[in-house]
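Reading through the structure tokens given below for one structure.
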Amino acid sequence: MDKPLYHRIYSVIRLIPPGRVSTYKQVALMEGNCTARQVGYALAALGKDPSVPWQRVINSTGTISARKQGDGAQRQRELLRQEGVVFNRNGRTDLERFGWVSPPIDWAR
DNA sequence: CGGCTGACTCTGG
DNA sequence: TCCAGAGCCAGCC
């Protein structure tokens, strides 16, 4: 398996089930060989690809990270709300309740 | 082969 | 709790 890093990151994100969220940090740990910052970079480079549920990735404090450009953050919150993810009035979600941790990934497959 | 460009997390105050 | 500063790196010109 020697796909580019960003593609492996996208693969991990595709595993997050609807109605649950994961963090940049968690995705990085699942991928196994990158950092949270890079997950953010990968998503920024994603553009609009419907095969990746980018909205299910939020930051470690349970809030939606601001983009430099565009209205992505707004739409992200809307999409998650539609999936049933609840945000309190500070725009924060309870990771204990909605956070998701992947079972071990078998990259050798 | 540089230079530029970002969706982060941690730590200390 | 909130905020600023530091560390950080793959892709695409």
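Working only within region A:7-32, note down all residues that are touching an Asp or Glu at 6+ places or on another chain (Cβ under 7 Å) and within 16 Å of A:PRO50 (Cβ to Cβ).
The one that is touching an Asp or Glu at 6+ places or on another chain (Cβ under 7 Å) and within 16 Å of A:PRO50 (Cβ to Cβ): A:PRO18.
Collect the residues in region A:60-109 that are under 12 Å from the mean Cα position of the chain (by Cα), surrounded by 18 or more Cβ atoms within 10 Å (Cβ to Cβ) and within 15 Å of DNA strand C (Cβ to nearest atom), keeping them in residue-number order.
A:GLY62, A:ILE64 - these are the residues of region A:60-109 that are under 12 Å from the mean Cα position of the chain (by Cα), surrounded by 18 or more Cβ atoms within 10 Å (Cβ to Cβ) and within 15 Å of DNA strand C (Cβ to nearest atom).
Would you tally the residues in region A:1-24 being among the basic types (Lys, Arg), within 15 Å of DNA strand C (Cβ to nearest atom) and either within 18 Å of A:GLY99 (Cα to Cα) or not in a loop (DSSP other than H, G, I, E, B) (or both)? Spell out the reasoning first.
Step one: of region A:1-24, the residues among the basic types (Lys, Arg) are A:3, A:8, A:14, A:20.
With the extra rule that they be within 15 Å of DNA strand C (Cβ to nearest atom), the set shrinks to A:3, A:8.
Then drop every residue that is not either within 18 Å of A:GLY99 (Cα to Cα) or not in a loop (DSSP other than H, G, I, E, B) (or both), which leaves A:8.
Of the residues in region A:1-24, 1 are among the basic types (Lys, Arg), within 15 Å of DNA strand C (Cβ to nearest atom) and either within 18 Å of A:GLY99 (Cα to Cα) or not in a loop (DSSP other than H, G, I, E, B) (or both).
Take A:GLN38 and decide whether it is closer than 21 Å to A:PRO4 by Cα, out of contact with any Cys (no Cβ under 6 Å at 6 or more places or on another chain) and polar (S, T, N, Q). Before you say what the answer is, go through the steps one by one.
On the way: closer than 21 Å to A:PRO4 by Cα: yes; out of contact with any Cys (no Cβ under 6 Å at 6 or more places or on another chain): yes; polar (S, T, N, Q): yes.
Against the criterion (closer than 21 Å to A:PRO4 by Cα, out of contact with any Cys (no Cβ under 6 Å at 6 or more places or on another chain) and polar (S, T, N, Q)), A:GLN38 qualifies.
Given (1) crowded, with 16+ Cβ neighbours inside 10 Å; (2) on the phi > 0 side of the Ramachandran plot, where does A:ARG56 come up short, assuming only one miss?
So A:ARG56 meets the others, but not (2).
Name the residue that is farthest from DNA strand B (Cβ to nearest atom), counting only residues in region A:47-83 that are of a type in the set (A, V, I, L, M, F, W, C) and in contact (Cβ under 8 Å) with a residue 40 or more places away in the chain. I'd like the intermediate steps shown before the answer.
Our first condition is that a residue be of a type in the set (A, V, I, L, M, F, W, C); within region A:47-83, this holds for A:52, A:54, A:57-58, A:64, A:66, A:73, A:79-80.
Still in the list and also in contact (Cβ under 8 Å) with a residue 40 or more places away in the chain: A:52, A:54, A:57, A:80.
On the way: A:VAL52: 7, A:TRP54: 3, A:VAL57: 6, A:LEU80: 12 Å.
Here the answer is A:LEU80.
Does region A:25-49 hold any residues that are in a helix (DSSP H, G or I), of a type in the set (A, V, I, L, M, F, W, C) and more than 16 Å from A:GLY70 (Cβ to Cβ), and which are they?
Just the residues of region A:25-49 that are in a helix (DSSP H, G or I), to begin with: A:25-31, A:36-44.
Remaining after also requiring of a type in the set (A, V, I, L, M, F, W, C): A:27-30, A:36, A:39, A:42-44.
Scanning region A:25-49 gives A:VAL27, A:ALA28, A:LEU29, A:MET30, A:ALA36, A:VAL39, A:ALA42.
If I ask for residues that are more than 6 Å from DNA strand B (Cβ to nearest atom), among the aliphatic types (A, V, I, L, M) and either crowded, with 20+ Cβ neighbours inside 10 Å or closer than 23 Å to A:GLY91 by Cα (or both), which ones from region A:22-38 would you list? Break it down stepwise before answering.
Restricting attention to region A:22-38, the residues satisfying the condition of being more than 6 Å from DNA strand B (Cβ to nearest atom) are A:22, A:26-35, A:38.
Now drop any that are not among the aliphatic types (A, V, I, L, M), which leaves A:27-30.
The answer is A:VAL27, A:ALA28, A:MET30.
How about region A:46-56: which of its residues are of a type in the set (A, V, I, L, M) and either modelled with pLDDT of 95 or more or within 11 Å of the chain's Cα centre (by Cα) (or both)?
The first filter runs over region A:46-56 and keeps only residues of a type in the set (A, V, I, L, M), leaving A:46, A:52.
Correct list: A:VAL52 only.
The values are calculated or read from the model by the stated rules, or taken from the named source; none is laboratory data. For clarity, every value in this text was computed on a predicted model and none was experimentally measured. Virtual Cβ from ideal backbone geometry, glycine too; neighbours counted across all protein chains shown.
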